[in-house]
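Taking it in order: structure first as structure tokens, then the write-up.
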Amino acid sequence: MKKLVFLLFIICQIKTGFSQAPASWTSADMYQALNKLKVLGSVLYIAAHPDDENTRLITYLSKDKLFRTGYLSVTRGDGGQNLIGDEQGIELGMIRTQELLAARRTDGGEQFFTRAFDFGYSKTPEETFAKWDKEKILSDMVWVIRKFQPDVIINRFPVTGEGGHGHHTASGILANEAFTAAADPNRFPEQLKYVTVWQAKRLLWNTFNFGGTNTTREDQLKIDVGGYNPLLGKSYGEIAAESRSQHKSQGFGVPATRGESLEYFKATKGNQPTADLMEGVDLSWNRVQGGEPIAKKIDSLIAAFDLLHPEKSVEGLVRLYKSISLLNDSYWKGQKLREVNMLIAQCSGLFMDVTTAEQFAVQTDSIKLNFSFNNRLGTDALLQKVTVDNFDTAFSRLLERNKNLNFSKTFFVPASKNITQPYWLEQKKEEGYYNVADQRSVGKPDVDAAYQAIIQVKVYGELLTFVRSVKYKFTDPVKGELYQPLVVIPPVIVSPSGDNKIIVNTKDGVSGLIVMRGMKKGFKGRVTAVSSTGSKLLNEFSFSNNQIDIDTRNQINDITYKGVVENKNSEIKFNVISGANEFAAKDKHEIKYDHIPYINYFHDAEISIKNIDLKIYNKKIGYIVGAGDKVPEALEQMGYEVTLLSDKELSKNKLDKFDAIITGVRAYNTNEWMNKHYNNLMKYVNEGGNLIVQYNTSNQIGPVRAKIGPYNFAITRTRVTDENAAVTLLKPEHPVFNYPNKINADDFRGWVQERSIYHAADSSGKFEKLISMADPGEKSDDGSLIVAKYGKGYFTYTGIVFFRELPAGVPGAYRLLANIIALNKKKGF
Ligand SMILES: [Zn+2]
């Protein structure tokens, strides 16, 4: 039993493709994998973000050199911009996690992370370490090295700053320290009950020539990674392009490359190699005690491999499996057993699939699993046992050649079965890192599959164990047969509308809507409220119709609530009471994109009440959606009426009915039709309107120059990344700082991630520059908020990150934006 648990643990680690269709290899893939059995070498690549990795090198290492190859991305890429939707922060990190896994499925690498949170751009490693907790992230890097045991570690970024971004330099510094610490039993000794110390042979910096910085030198080790692999029918540069193009949320589609492609390496720990990365590393079976005969067995398997009949190799592979099993335990023993196990499944053509027609397994409900077997090439195979959680069935059933064996089993999902939650979201995160309770989870790329099927089959007389994740399988009329993760959920999902409830006047109390979705037929219960500021509140909280009585799955109950809150910030959570049980209500979020598996995660159903001293003037706002942001929701909570304006609405609407028009983030960069409406928008401003443009990354709409304001200004790359950077009001008497809210220093406290990005440079001299600020040690800049009077109205461009601060409930951001919206009203001035 102990062995089985160990095996499961490892398989969760390496089976990154669990949510995709079953692996299906060609004979060429099998031949490649047979050759890989002979190579006992591993390389770990380290950088800071999804997209930093050198996919061409990873492809070359995994598919040409046949090394076990990993990429350790310090962060999940939670910061930064999302080019495909409005997800930010942890959601963006989950999307980029899946994009990295998709990239690794393409280039053959494995994926790892630390707990570090990508909190956005930072200019120095000091700023980065102040948030990451350097010792924690170093510990994670050491952990991954001790588990993965790389012979050589390759660093993308130097410690000297040529990598630019503070996260980049920080990842370089950490890799150099981790190289030494991983081998030191006095460093992070608490890890040693699970892993042993590990000394890699060397740490190489993969020098680069991009962005105007050339750190390559001819005295460095130089390798051509641009070869062509006829077994794969592709050049490594072609595979790398497919891999890199998975980073769709960053818009990183790249063209395939062919021909020579040189990579340069400079040793920063260990000796400098002259001809080969792995110089001085034994890559053969000789590094394993008693391994010599294994190599000979693999040689004969390779020599005898029959492309048309890979099943002829199965008996030999089974014997090989047995021989390796008899060796003393070691890293390479475990690794190669897994490779041989995979080869046996693929060469034998054994199809083993466990699926369900439901996307969700509901706690306290039952679920039907469908088991499907086919011995497609007629291997000698006897199905012995299938185990899923507590359910197991023993057989002794010969699997006949190319005959389907299908059966189903319905079983109960107990309340004690954990909901399927990414492990890094189980606990509340800190500003700069995720909290992870179990050391053994650290480094893992993804959430574990909700259910694993353990399938025992006797192949040529040897009992082998295969593990398959249980998947949700369905057929889409357009996309065909699809596999997605199976997700364990609670019987009822509670979604308060709006994550931040902004209370302007607490005398009015708080009210709103919560949506309860019943997932289990026959569920009965009711909802209650729990406050973070004391139980007194509860008696004053009332609900309409909060009984839930579920007749059908997916039944929706709308419940309105009303209550009085104390005059301070508070959180209100909701509980569900069902019979004698009371549990914290969970809200579920789902993120769906075609290029990655569906993502589901949970958080406590709660509303966050921020008492903000906010006055607004003006009522009707037109919002031109850009790349996607949550500003319109925030505007509605402030009390405005918001109309979303697309190309069509802009054409037909009379704009003068809007007190202000606001453009969403990067609206000009993403909507090619913005220039068409320029004259109309300027007419609107001229006649007394108020146009507020949030940041764009350039003055371009594709190849065309964007017409944005009434006067010229340039959009620069200047940003202020320190969210606590000192702010100077250049014209304190200006209405922007006085009406209807009096802005003072307090309004710039408690900001998150950064102050502003993509500042303006006024090239016309017609704008008023209202704010000056700078990151520590830098020259101050006055382009974060510029305003021009034009005719009877106003035009504003701002790089201030309202799209981050409003969803985070930062009072000053609300008050400042309300004042910009009020600009074209003269009351009081
Ligand atoms: Zn990066």
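Selection within the range 355-395: residues that are among the charged types (D, E, K, R) and assigned to a loop (DSSP other than H, G, I, E, B). The member of this set that is nearest to TYR460 (Cα to Cα) is ASP380.
Among the candidates LEU192, LEU232, LEU203, which residue alone is assigned to a strand (DSSP E or B) and of a type in the set (A, V, I, L, M)?
Sole residue among the options that is assigned to a strand (DSSP E or B) and of a type in the set (A, V, I, L, M): LEU203.
Among the residues making up the range 124-164, those that are surrounded by 20 or more Cβ atoms within 10 Å (Cβ to Cβ), of a type outside the set (Gly, Ala, Ser) and within 14 Å of the ligand (Cβ to nearest atom) are PRO125, THR128, ASN155, ARG156, PHE157, PRO158. Selection of strands (runs of 3 or more DSSP E) fully inside the range 760-811 by the criterion of at least 1 residues being in contact (Cβ under 8 Å) with a residue 60 or more places away in the chain and over 15 Å from PRO735 (Cβ atoms) returns 785-790, 793-798. Given the condition modelled with pLDDT of 95 or more, surrounded by fewer than 13 Cβ atoms within 10 Å (Cβ to Cβ) and at negative phi, answer yes or no: does some residue in the range 204-211 qualify? Checked against the condition, which is being modelled with pLDDT of 95 or more, surrounded by fewer than 13 Cβ atoms within 10 Å (Cβ to Cβ) and at negative phi, the range 204-211 yields no hits at all. Filtering the range 251-307 down to residues that are of a type outside the set (Lys, Arg), without any contact (Cβ under 8 Å) to a residue 24 or more places away in the chain and not in a loop (DSSP other than H, G, I, E, B), which residue is surrounded by the fewest Cβ atoms within 10 Å (Cβ to Cβ)? Among them, the one singled out is ALA303.
Is the range 447-457 home to any residue that is touching a strand residue (DSSP E or B) at 6+ places or on another chain (Cβ under 9 Å), modelled with pLDDT of 95 or more, surrounded by fewer than 22 Cβ atoms within 10 Å (Cβ to Cβ) and not hydrophobic (A, V, I, L, M, F, W, C)? Among the residues of the range 447-457, at least one is touching a strand residue (DSSP E or B) at 6+ places or on another chain (Cβ under 9 Å), modelled with pLDDT of 95 or more, surrounded by fewer than 22 Cβ atoms within 10 Å (Cβ to Cβ) and not hydrophobic (A, V, I, L, M, F, W, C), which makes the answer yes.
Just one of the numbered conditions (1) modelled with pLDDT of 95 or more; (2) part of a loop (DSSP other than H, G, I, E, B); (3) away from the ligand (no atom under 16 Å from the Cβ) is not true of HIS49: (3).
Yes/no per residue for (1) in contact with a helix residue (DSSP H, G or I) (Cβ under 8 Å, 6 or more places away or on another chain); (2) outside any loop (DSSP other than H, G, I, E, B); (3) closer than 20 Å to GLY812 by Cβ:
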{"site": "ILE616", "(1), (2), (3)": "yes, no, yes"}
{"site": "GLU633", "(1), (2), (3)": "no, yes, yes"}
{"site": "ASN669", "(1), (2), (3)": "no, yes, no"}
{"site": "LYS676", "(1), (2), (3)": "yes, yes, no"}
{"site": "PRO710", "(1), (2), (3)": "yes, no, no"}
{"site": "ASN724", "(1), (2), (3)": "no, no, yes"}
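Condition check ((1) touching an Asp or Glu at 6+ places or on another chain (Cβ under 9 Å); (2) more than 30 Å from PHE117 (Cα to Cα)) across all residues:
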{"position": "LEU369", "(1), (2)": "no, yes"}
{"position": "PHE373", "(1), (2)": "yes, yes"}
{"position": "ASP380", "(1), (2)": "yes, yes"}
{"position": "ALA394", "(1), (2)": "no, yes"}
{"position": "ARG401", "(1), (2)": "no, yes"}
{"position": "ASN404", "(1), (2)": "no, yes"}
{"position": "SER408", "(1), (2)": "no, yes"}
{"position": "PHE411", "(1), (2)": "yes, yes"}
{"position": "ILE419", "(1), (2)": "no, no"}
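Within the range 441-460, residues that are under 19 Å from VAL142 (Cα atoms) sit with their Cβ atoms under 8 Å from residues that are of a type in the set (D, E, K, R) and assigned to a loop (DSSP other than H, G, I, E, B), at 6+ positions apart or across chains, in these pairs: VAL442/ARG115. Of everything in the range 72-103 that's under 8 Å from the mean Cα position of the chain (by Cα) and of a type in the set (A, V, I, L, M), which residue is farthest from ASN54 (Cα to Cα)? By that ranking, first place goes to ILE90.
The values are calculated or read from the model by the stated rules, or taken from the named source; none is laboratory data. Only a predicted model underlies this, so the values are computations on that prediction, with no experimental measurement involved. Positions of Cβ are backbone-derived with ideal geometry, glycine not excepted, and every protein chain shown enters the neighbour counts.
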